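Asker: First the structure, which I've put down as structure tokens, then a few questions once you've had a look.
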Amino acid sequence: MNDLAGRHLVLGMTGGIAAYKTAELARRLQDHGATVQVVMTEGATHFITPVTMQALTGRPVFTDQWDARQPNNMAHIDLSRAADAIVVVPASADFIAKIAHGLCDDLLTTMCVARACPLLVVPAMNLQMWAHPATQRNARQIADDGVVVLGPASGDQACGEIGSGRMLEPDEILDDLIAFFQPKPMRGRRVLITAGPTREPIDPVRAITNHSSGKMGYAIARAAHEAGAEVTLVSGPTALATPRGVVRIDVETARQMYDVVMREVAGADCFIAVAAVADWHVIDASEHKLKKAGVGSDGPILKFAQNPDILAAVAARPTAPYCVGFAAETEDLHANAESKLARKKVQLIVGNHAHEAFGRDDNALTLYDARGRTTLERADKLVLARQLVAAIAERMATAS
Ligand code: C5P
């Protein structure tokens, strides 16, 4: 995906063993279309060489404030003027302290103070250094000054200790950077999303489920978070990773999904029901595994009862959020989607063809609402999810 196409990033590096991960990040940023100019402190060059970073980015690396390669000898100004952001990975305690105080004693810190673009820093240090009151004070100070601080995470550290201070992984930094550059039409909104299939037990080892992969719902959760929303994702069983910044609550059955949604919906501005919820569950699922000998050669006879309609129940609440339903159909998509819009009393139905959507990485969507039909052409699910979230945000803004 070309999520960073046209973006020019200055990738600052300071002294820390996590610098080896910055090499991978430089590759990943370029895979997503960014151009990358590396600037290293003297400390960083002890952990990884400028030659490595030059080879990976195809650009000479700058380390020295007095570097004569810039014709006007003003590398600290020129390098950042062309940048969409300066991203410092890893950011040491020393670097954060300098930025907090406006110190400029090398090229990177001088660039940061002289910049006219956003600054993002990704701390990486021993847990005691991160926990030190001075570091905490400095990190708060730079955040107050408008610097975006990503992480740190908790976990195993290169020093052998375990705790907070560990640098985010390159993929996490990449996702946070992509999110940083997305428009924020959902800022301040709370969005509740259901995704994936549900699993209705027959006995402790067997269940009835469906082919929903959860990919569309997870992409929408990511896109809503990127758009600035606070997102809670209620998920049936899937093999997918939770999108960055999204709160995920796992459920198995439709009734569990109903209970969690009803608990979480208070305060939500928008509910997007993407889950392929089972319409029925097995009455009296067996507590013990059904044995062939026990049920006879015709197999077991299962009796079903209807599950609650989560979307209709949310839409019927006195203070209902803006409700979006999905219609995954194998035939008569338009007619089914339009009747669902009226029957469930929701603001928007998103239609797709089940056989062209389930399990795939791409999809095509049609939106049905009071405005009529709007088509979102076949594309990667994340691209579509961003378009859908933008369409929902615009409709919510017009409605309120
Ligand atoms: O009625 P039908 O299952 O076709 O409607 C699909 C839409 O309703 C989807 O948005 C789905 O997430 C939602 N739904 C629900 N609870 C159910 C069944 C469907 O929220 N029990």
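Asker: Regarding the chain, what is the average projected area of its C-alpha convex hull, in nm²? Can you show the working numbers first?
Answerer: Details: hull surface 99.4 nm².
Mean projected area for the chain: 24.8 nm², to one decimal.
Asker: Of the accessible area of segment 8-181, with the probe set at 1.4 angstrom, what percent is carbon plus sulfur? List each step's numbers first, then the result.
Answerer: Working: 3940 of 7410 Å².
With neighbouring chains kept in place, the figure for segment 8-181 is 53 percent.
Asker: Just to check I understand the Karplus step: with θ = phi - 60° and J = 6.51 cos²θ - 1.76 cosθ + 1.60, what whole-Hz values come out for segment 104-121, glycine and proline as x?
Answerer: Once rounded to whole Hz, the list reads 9, 10, 8, 4, 5, 5, 5, 4, 5, 6, 8, 6, 10, 10, x, 10, 10, 10.
Asker: When the gyration tensor of segment 8-181 is built from Cα positions, what are the square roots of 5 times its three eigenvalues, in whole Å, from largest to smallest? Numbers along the way, then the final one.
Answerer: Working: eigenvalues 108, 66, 47 Å².
Ellipsoid semi-axes (Å, largest first): 23, 18, 15.
Asker: Probe of 1.4 angstrom, ligands and nucleic acids ignored: what's the accessible area per residue over the chain, in square angstrom? Write out the running numbers ahead of the final one.
Answerer: On the way: 18640 Å² over 400 residues.
Result: 47 Å² per residue.
Asker: Take the Cα gyration tensor of segment 73-166, multiply each eigenvalue by 5, square-root it, and list the three semi-axes largest first, rounded to whole angstrom. Walk me through the numbers on the way to the answer.
Answerer: On the way: eigenvalues 129, 33, 27 Å².
Here the semi-axes work out to 25, 13, 12 Å.
Asker: Distance from a point 7 Å along Cα→Cβ of E264 to each backbone N in segment 238-256: keep the residues under 12 Å and list them by number.
Answerer: 243, 246-252
Asker: Counting only residues 5 or more places away or on other chains, whose amide H sits under 5 Å from the amide H of G12 once H atoms are built in the peptide plane?
Answerer: Correct list: V39, V87, V88, V89.
Asker: Now a separate question. Kindly write out, for segment 192-201 in residue order, the coupling ³J(HN,Hα) from the Karplus curve 6.51 cos²θ - 1.76 cosθ + 1.60 (θ = phi - 60°), rounded to whole Hz, with x marking Gly and Pro.
Answerer: Once rounded to whole Hz, the list reads 10, 10, 9, 8, x, x, 10, 10, 9, x.
Asker: For segment 59-139, which trypsin sites (Lys or Arg not before Pro) are both in a DSSP coil and crowded by at most 14 other Cβ atoms within 10 Å?
Answerer: Details: sites: R69, R81, K98, R115, R137; in loops: R69, R115.
Here the sparse-neighbourhood loop sites are R69.
Asker: Based on the Cα coordinates of segment 233-351, what is the per residue volume of their convex hull in Å³?
Answerer: On the way: hull volume 19.0 nm³, N = 119.
Once divided by residue count, the hull of segment 233-351 is 159 Å³.
Asker: Further question on the same structure: Please report how far the C-alpha centroid of segment 100-177 lies from that of segment 224-294, rounded to the nearest whole angstrom.
Answerer: Segment 100-177 and segment 224-294 have Cα centres spaced 35 Å from each other.
Asker: Find how many whole Å separate the alpha carbon centroid of segment 352-395 from the alpha carbon centroid of segment 63-77.
Answerer: Each part's Cα centre sits 48 Å from the other's.
Asker: How many nm is it between the label spots at A342 and Q65, if each spot is 7 Å from the Cα in line with the beta carbon?
Answerer: So the two model labels end up 7.3 nm from each other.
Asker: Now for a different question. What value does segment 190-399 have for Rg/Rh, both radii from Cα atoms and Rh as Kirkwood defines it?
Answerer: Values: Rg = 17.6 Å, Rh = 17.7 Å.
The Rg/Rh ratio comes out at 1.00.
Asker: Can I ask one more? Run lengths n ≥ 4 of DSSP H only: what is the helix-derived mean residue ellipticity at 222 nm for the chain, with -39500 (n - 2.57) per run over all residues, to the nearest 500?
Answerer: Details: 15 runs with 140 residues, N = 400.
Roughly -10000 deg cm²/dmol at 222 nm, from the helical runs in the chain.
Asker: Still on this model: Take A158, project a point 7 Å from its Cα along the Cβ direction, then tell me which residues of segment 7-37 have their backbone nitrogen under 15 Å from it.
Answerer: 13-25, by backbone N distance to the label point.
The values are calculated or read from the model by the stated rules, or taken from the named source; none is laboratory data. Small disclaimer: the values here were computed from a predicted structure and weren't measured. Quick reminder, even Gly has a Cβ in these numbers, built from the backbone with ideal geometry, and neighbours come from all protein chains shown. The accessibility values were calculated without ligands, DNA or RNA, using every heavy atom of the protein model including side chains. Shrake-Rupley method; radii C 1.70, N 1.55, O 1.52, S 1.80 Å.
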